[in-house]
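Let me begin by presenting the structure, written as structure tokens, before commenting on it.
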Amino acid sequence: MLEVTSARVLTDELLVGRARSGHAADFDLLVQRYADRVYRFCLRHLGDAEAAEDVAQTAFVEAFASLPRFDSRKPFGPWLFGIAANQCRLWHRRRRRSRWWSIGSEDSEERLEAVPDEAHSPEEALEDEDRRRQVRRAVAGLPVRYREVILLRYLQGMSTREVAEALGLKPEAAAKRLTRGLQMLRDRLGELGFAGGDLA
């Protein structure tokens with residue numbers, strides 16, 4: 001019990017330092033800390049539940065192998081999501097080469113569900129779900145470079161500076177890409193007749 005409690009207060013920096021010194025168990029704690037978030041990011045990026053599991057796992061393996069090159073003056077989270085984003089891009093390239101692409105399966109649709117908002121009636125609940133599905137599909141249809149900045153900013157709650165760090169961009173470039181991505185998303189939703197043009 002004491003081990004579990006103390007693990008919760010260990011910072012990423014401390015765990016990374018220990019993992020770099022050869023304590024693999026400390027990296028396991030980082031995996032536990034980030035596994036769900038990395039998986040959800042990959043799922044939204046790829047639209048395929050099985051692929052998201054594989055890519056997320058590959059991202060953690062790559063992160064562990066790359067720890068000696070990690071700049072400990074920088075935050076671990078954006079660096080890890082940068083690796084995950086790169087693995088997602090590699091997956092997309094492989095899919096294009098094999099000429100097979102899918103936005104997602106029914107299973108992935110179910111796992112993309114957000115926590116439902118409170119609705120006043122079943123009709124409103126269905127309408128809200130339809131709106132969420134439209135947004136998910138519109139995001140999935142964006143070019144990868146714009147999709148990933150939107151997912152990191154709004155799904156992972158990163159600041160624009162952290163998004164830039166994760167993707168190896170200058171903050172100004174990340175902000176510009178985010179602005180362009182949001183405009184493309186608004187346009188796509190408009191084409192779908194989405195009654196929510198006040199997208200942030």
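Side notes on the structure shown:
- Count of the stretch 55-75 residues which are part of a helix (DSSP H, G or I) and either of a type in the set (G, A, S) or more than 14 Å from the chain's Cα centre (by Cα) (or both): 12
- Scanning the stretch 22-54 for residues that are in a loop (DSSP other than H, G, I, E, B), small (G, A, S) and without any contact (Cβ under 8 Å) to a residue 40 or more places away in the chain turns up just one, G22.
- Among the residues of the stretch 87-97, the ones that are closer than 24 Å to S159 by Cβ and surrounded by fewer than 17 Cβ atoms within 10 Å (Cβ to Cβ) come to 1 in all.
- If you go through the stretch 152-189 and pick out every residue that is hydrophobic (A, V, I, L, M, F, W, C), more than 16 Å from V38 (Cβ to Cβ) and assigned to a helix (DSSP H, G or I), you end up with 9.
FYI, it's all coordinate maths here, none of it is from the lab. Computed from a prediction, not measured in an experiment: that's the story for all the values here. A quick note on method: Cβ atoms are made from the backbone with ideal geometry, for glycine too, and the neighbour counts reach across all protein chains shown.
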